[in-house]
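Encoded as structure tokens, the structure appears first; notes follow it.
The values are calculated or read from the model by the stated rules, or taken from the named source; none is laboratory data. Just so it is clear, the structure is predicted and the values come from calculations on it, not from any experiment. Glycine gets a Cβ as well: all are built from the backbone with ideal geometry, and neighbour counts include every protein chain shown. Protein only, heavy atoms only, side chains kept; ligands, DNA and RNA dropped before computing areas. Shrake-Rupley method; radii C 1.70, N 1.55, O 1.52, S 1.80 Å.
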Amino acid sequence: MKVVVCVKEVPEASARTRIDPGTLRLDRSGTAALNAFDAHALEEALRIRESAGEGEVVAVMMAPARAADSLRKALAVGADRAVHVADDSLAGSDLVATARVLAKAVEREEPDVVLLGQQGADSDGAVLWSALADLLRLPVVSQAASLELADGKVTSKRQTEYGYDVIQAPLPCVVAVSDAINEPRYPSLKGIMGAKKKPFETLSASDLGVAPEEVGEAGSRTEVTALSEPPSRGEATRIEDDGDAAQRIVEYLLERKLI
């Protein structure tokens, strides 16, 4: 059983995110970490391997060279091998161009199942798994709250407002897991030390057979044309609570005949 987990590096949750006015892209120059949603996909991959008693978990990431440390965290947690697609030509790739690169990286692995987190903490798009499945021509299951692999198929439960949908799909397939599926483990000291010895492959776009015009801004189907401050909300009054805030709010509303 081979499981490929697509992971992403995102700005740390505590970091202040901003759009670079020069490139009109998210500024990623600050501290970064492995996407928390992908940690659940990685944990589920490890559980699949452990349940089968054998197999391989391969972590795949498309990111600049500096993201190698985040990818090594996947190895420290328990992944057997890592594939890092790092190429300057990939900068500015949108969802479509990113999915194109990841599809090529996944294809060469020929996995039984491909796992992803439900979304990226920096974008909250929650559609990359769909684009990837489309390019791979594989069935896709999203928002998986449970996962079971047996008899050449995957059985998953998806939580809805009315209960759970039970979904089955033949292997190989793509599955996007929700953060309710498990509790990710932390890397042990042994795992951190052992990660340094695990296979770590770095590939370029050309290594995957992806042409320059298929990635980056040239290969993207979306374009950011402008960046501006949000419109003003108009005149505002700030009331500090010195013990009489409630009375001052009532007076403010009475003046404007709102109550």
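Name the residues in the stretch 60-72 that are open to solvent by 40 Å² or more (accessible area, probe 1.4 Å) and within 10 Å of Thr202 (Cβ to Cβ), would you?
Ala65
Those residues that are small (Gly, Ala, Ser), open to solvent by 50 Å² or more (accessible area, probe 1.4 Å) and modelled with pLDDT of 90 or more, I need them from the stretch 25-47; list them, please.
Ala36
In the stretch 125-152, what residues are part of a loop (DSSP other than H, G, I, E, B) and either more than 13 Å from the chain's Cα centre (by Cα) or closer than 20 Å to Leu46 by Cβ (or both)?
Those that are part of a loop (DSSP other than H, G, I, E, B) and either more than 13 Å from the chain's Cα centre (by Cα) or closer than 20 Å to Leu46 by Cβ (or both): Arg137, Leu138, Pro139, Asp151, Gly152.
Looking at Leu149, Leu132, Leu115, Leu136, which one is touching a helix residue (DSSP H, G or I) at 6+ places or on another chain (Cβ under 9 Å), hydrophobic (A, V, I, L, M, F, W, C), within 14 Å of Leu95 (Cα to Cα) and crowded, with 19+ Cβ neighbours inside 10 Å?
Criteria check complete, one pass: Leu132.
Being modelled with pLDDT of 80 or more and either in contact with a helix residue (DSSP H, G or I) (Cβ under 9 Å, 6 or more places away or on another chain) or surrounded by 16 or more Cβ atoms within 10 Å (Cβ to Cβ) (or both) is the filter here, so list the residues in the stretch 1-24 that pass it.
Met1, Lys2, Val3, Val4, Val5, Cys6, Val7, Lys8, Glu9, Val10, Pro11
Out of the residues in the stretch 171-195 that are farther than 30 Å from Leu138 by Cα and small (Gly, Ala, Ser), state the one that is surrounded by the most Cβ atoms within 10 Å (Cβ to Cβ).
The selected residue is Ala195.
Can you tell me which residues in the stretch 73-99 are charged (D, E, K, R) and surrounded by fewer than 21 Cβ atoms within 10 Å (Cβ to Cβ)?
Within the stretch 73-99, Asp80, Arg81, Asp88, Asp94 qualify.
Among what's in the stretch 169-195 and is among the charged types (D, E, K, R) and touching a residue at least 24 places away in the same chain (Cβ under 8 Å), pick the residue that is nearest to Trp129 (Cα to Cα).
Here the answer is Asp179.
Quick test of your reading of the structure: Leu227 fulfils all but one of (1) in contact with a strand residue (DSSP E or B) (Cβ under 8 Å, 6 or more places away or on another chain); (2) open to solvent by 70 Å² or more (accessible area, probe 1.4 Å); (3) among the aliphatic types (A, V, I, L, M); (4) free of Cβ contacts under 8 Å to residues at least 40 places away in the same chain. Name the failing condition by number.
Against the list (1) in contact with a strand residue (DSSP E or B) (Cβ under 8 Å, 6 or more places away or on another chain); (2) open to solvent by 70 Å² or more (accessible area, probe 1.4 Å); (3) among the aliphatic types (A, V, I, L, M); (4) free of Cβ contacts under 8 Å to residues at least 40 places away in the same chain, Leu227 comes up short only on (4).
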